[in-house]
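Trainee: Provided herewith is a single structure, encoded as structure tokens, for subsequent inquiry.
Please treat every number below as a calculation from the coordinates, not as lab data. Everything quoted here is computed from the prediction, not taken from an experiment. When we count neighbours, we look across all protein chains shown, and the Cβ atoms used for this are built from the backbone with ideal geometry, even at glycine.
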């Protein structure tokens, strides 16, 4: 199976946090979803922020699922209008049928590793959750479309070793 994970700059925040306004345009996100659908028919996952969830659902194919990364580390001082955004949606499409494997929740709660300061980097526990939701096995190919810090790639190698040892 060949699947992809995408963690693009969040809609409307690209110029602010990355100095590149490309992903401030909704069309760039639509093009990304179209690319995922065409190039990764086995499955894919994409991270986004809650304010863009409605837009994403309008451009995704039928049958996608929304999972949640609950972030208990978010400080209330970052709360616009007094409501802290303490979760991020992850949209999943396809993947391997999980039976008879153990059940995986459609949410994960985890904090960023101490000392990890790169904007947008995902913690290993988050990555492992994405891999489990997609039902990945050690022989599958994972393409990280926005490799940034390389955290997803490192987590994938660790996951592959773990799954291979477990004989899944």
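Trainee: Using 0.36 nm times the number of residues separating residue 146 and residue 58, minus their current alpha carbon distance, what extension gain do you get?
Mentor: 29.4 nm
Trainee: What is the helix-to-structure angle for 151-166, meaning the angle in degrees between its Cα long axis and the longest Cα principal axis of the chain, kept from 0 to 90 and rounded to the nearest 10?
Mentor: Rounded to the nearest ten degrees, it is 20.
Trainee: Then there's this: Mind ranking 143-150, 86-93 by how tightly packed they are, going by the mean number of other C-beta atoms within 10 angstrom, highest first?
Mentor: Details: 143-150: 15.2, 86-93: 20.0.
The peptides rank, most packed first, as 86-93, 143-150.
Trainee: Can you tell me the orientation of helix 124-133 relative to the chain, as the angle in degrees between its alpha-carbon axis and the longest Cα principal axis, to the nearest 10?
Mentor: Orientation of helix 124-133: about 60 degrees from the principal axis.
Trainee: Quick one: work out the % antiparallel among DSSP beta bridges in region 2-166, nearest 5.
Mentor: 50
Trainee: How far, in degrees from 0 to 90, does helix 26-39 lean away from the longest principal axis of the Cα atoms of the chain, to the nearest 10?
Mentor: Roughly 10 degrees, rounded to the nearest 10.
Trainee: Which order do peptides 43-52, 8-17, 22-31 fall in by mean Cβ count within 10 Å, highest first?
Mentor: 43-52, 8-17, 22-31
Trainee: On the Cα set of the chain, report Rg and Dmax in Å, please.
Mentor: In order Rg, Dmax, the Cα atoms of the chain give 15.8, 49 Å.
Trainee: Related question: Under the 0.36 nm per residue contour assumption, what length would be gained going from the current alpha-carbon distance of residue 157 and residue 68 to full extension?
Mentor: Result: 29.7 nm gained on full extension.
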